[in-house]
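The values are calculated or read from the model by the stated rules, or taken from the named source; none is laboratory data. What you see is a predicted model, and the numbers here were worked out from it, not measured in a lab. Just so you know, the surface numbers come from the protein's heavy atoms only, side chains and all, with ligands and any DNA or RNA stripped out. Shrake-Rupley method; radii C 1.70, N 1.55, O 1.52, S 1.80 Å.
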Amino acid sequence: MRRLSVLPLLACLLLAACDRAPAPTDAATPVPAADPAQAVLSASQRFAALRSFHAELEVLGAQQPVRTAMDFVAPDRFRVQTPAGPQVIIGDTMFLQADDAIRQVPTPPGMLEQWRSPLPADIPAQALQAEDLGEQTLDGVSTRHYRLRGATAGERLEYWVDAQGLPRQIVRSGHSNGKPFQLRLRYSRFNDPALQVDLP
């Protein structure tokens, strides 16, 4: 059924989805650039603690190009913009909207946990091969650019981390079914109280 075709897209979007962690404290200090691996791990931890964010997704290579967006509001609300229209996940229920109808579908078990972060939560900093590529302005925001190897075999991650120690962009490159792919996520509206995901 056509409405179920959004599941692979949702899985891609949730590559950086948040869990139910508490909000970050204002006292958090970004990790110095002298330790690139720890800087990226800390950025992932701060990201997982956000109350809300907006993400823009672009996937190129292994499949047809995909460009879409997602909003997250803690503890468990997601709104995904798809070619079929907005789709909402609340808790363990996905509300698929198509053909002027809404269908409730159980969220696949573990989907949100599996895609909660581009880095495994328990990976030690010393297991990462991280490189500091210096300062870079991204959409008018000053960031630090890092390149990582070793998080996942055959894949490369790049992080752009802002002065608050939060990732503004993550690019994942690798191969799927023998073909190269690139997935880019750009983030904004961190902890924006105006960001809401309502029941459809």
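Considering only protein heavy atoms, with the full assembly of protein chains and a 1.4 angstrom probe, order Asp100, Asp192, Asp92 by accessible area, largest first.
Most to least solvent-accessible, the answer reads Asp100, Asp92, Asp192.
Could you rank Ile170, Ile90 by how accessible they are, 1.4 Å probe, largest area first?
Correct descending sequence by accessible area is Ile90, Ile170.
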